[in-house]
Structure formats: C-alpha cells, structure tokens
1. Using label points projected 7 Å from each Cα along Cα→Cβ, tell me how many nm separate residue 97 and residue 80, to one decimal.
2. If you stretched the chain out fully between residue 142 and residue 169, how much longer would it get, using 0.36 nm times the residue separation minus the C-alpha to C-alpha distance?
3. For the chain, what's the relative contact order in percent, using C-alpha pairs closer than 8 Å and at least 6 residues apart?
4. Quickly work out the residue 108-to-residue 29 label distance, labels modelled 7 Å from Cα along the C-beta direction, and quote it in nm with one decimal.
5. For residue 131, what residues show an amide H to amide H distance below 5 Å, using hydrogens built from the backbone and excluding near sequence neighbours?
6. Using only helices, what value at 222 nm comes out for the chain when you add -39,500 (n - 2.57) per DSSP H run of length 4 or more and divide by the total residues, to the nearest 500 deg cm²/dmol?
7. Along the Cα→Cβ direction, 7 angstrom out, place labels at residue 69 and residue 46. What is the inter-label distance in nm?
8. Filter 75/108; 53/142; 7/96; 53/143; 36/96; 76/142 down to the pairs with a C-alpha to C-alpha distance above 29 Å, please.
Amino acid sequence: MQEIISKNNPDLIIETGTSNGGSALYLADISEPNSKVISIDTIHRDGIPQHDKITYICGSSLSDITLGEIGHIIKKNKFKRIMVLLDSIHLKYWVKAELDIYSGFVSKGQYLIVEDTNLNRHPVLTRPTAHGPWEAVHEWIKKNPEFIDISCEKFGFSFNPDGYLLRVQ
C-alpha cells in the first residue's frame, strides 16, 4: 500500500469501511501533505483517530446521500488523482455494487483496491456458503477492462490477491 501511494501520489483516497479508523490514519500519515482521506462507515465509533487530512462520513457506502457528500468534497477541492479502497462488507453482492459505483471516482493512473480478496469462499460474516470479494472482482473485471494490474503481487502473498486494480484508461 505504501509503495502504491508513494508512487502514484493520490490527492484523495476514499476508503469504505472505517471500522476503528486505523487504516484511515495510516493512509493520512503516509500520503502527501496536501492529500485528503475520506473514510466511510455505517457506525460512528467514539475514539476514532482524528487527523486534519481525514473526513469521516457516517452512512452506507452505497447510499445516495453518502455518494453526494463524496461528490461535493471532490468538486469543492478539485481533486484530480483519486484512489479508492473497498474494505466494508466482504460479500460478493456488496463488493460488486461498490466496484460499480466507486470505480467511477478512480482517476486514470490510480488504483481501485479491493481488500481481503483472500477470503475466497471462506466463512464471511458467519456464512460459509457466501461468496466474497475475490468472486466479485473476477466477475466485475470481465466487463471493466480499463482496470488491470498484477505487479502488486510480486511477493507471492497478499491479503488482496487480484484486488489491486489500476485504471489504465
């Protein structure tokens, strides 16, 4: 992740799935000084890390209200290099819906990263038969050839196999 951010210098990183805010803080710390992070979750937790570069949005990542807030922030700040990390609900239908929507925010030359694709057919949210992020990526990528990349898997192990998608068009 650090290598991708250092190499691509996104001025905005959108993260779905704040949880306790650790990833948002990490992203804020390793990104460029003038960059921003938007982190989205349905639950606002007390004690999440605060940082001048982080904006937390409490709401569903798929709701029109949340998407409107994101669009407003992008327009107001004139962000040009937008990267997205999907790390909310790890079920195929949800990840696929997020891919459909959030891919539209990703700038050419930036990444759309689907977290935890290693959960391929493992129990996800106590549903052993549920398909997860890996299946969503593999179905989605067939219709979206403008995203592709395998260079991030050069070490042979990843929590996000096939989940590093670079917008090339």
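Every read-out reported here was derived from the displayed coordinates using simple, explicitly stated rules and does not represent laboratory data. Given the structure is predicted, the values throughout are model-derived calculations rather than measurements. Glycine gets a Cβ as well: all are built from the backbone with ideal geometry, and neighbour counts include every protein chain shown.
1. 3.5 nm
2. Values: separation 27, 0.36 × 27 = 9.72 nm, distance 1.49 nm.
Once the chain is fully extended between residue 142 and residue 169, it gains 8.2 nm.
3. On the way: 325 pairs, mean separation 31.8, N = 169.
Computed value for the chain: 19 percent relative contact order.
4. 3.5 nm
5. Those qualifying (amide H under 5 Å, at least 5 residues apart or on another chain) are 92.
6. On the way: 5 runs with 50 residues, N = 169.
Calculated at 222 nm, the ellipticity per residue is -8500 deg cm²/dmol.
7. Taking the simple label geometry, residue 69 and residue 46 are separated by 2.0 nm.
8. On the way: 75/108 17 Å; 53/142 35 Å; 7/96 27 Å; 53/143 34 Å; 36/96 25 Å; 76/142 34 Å.
Cα-Cα > 29 Å for 53/142; 53/143; 76/142; rest within.
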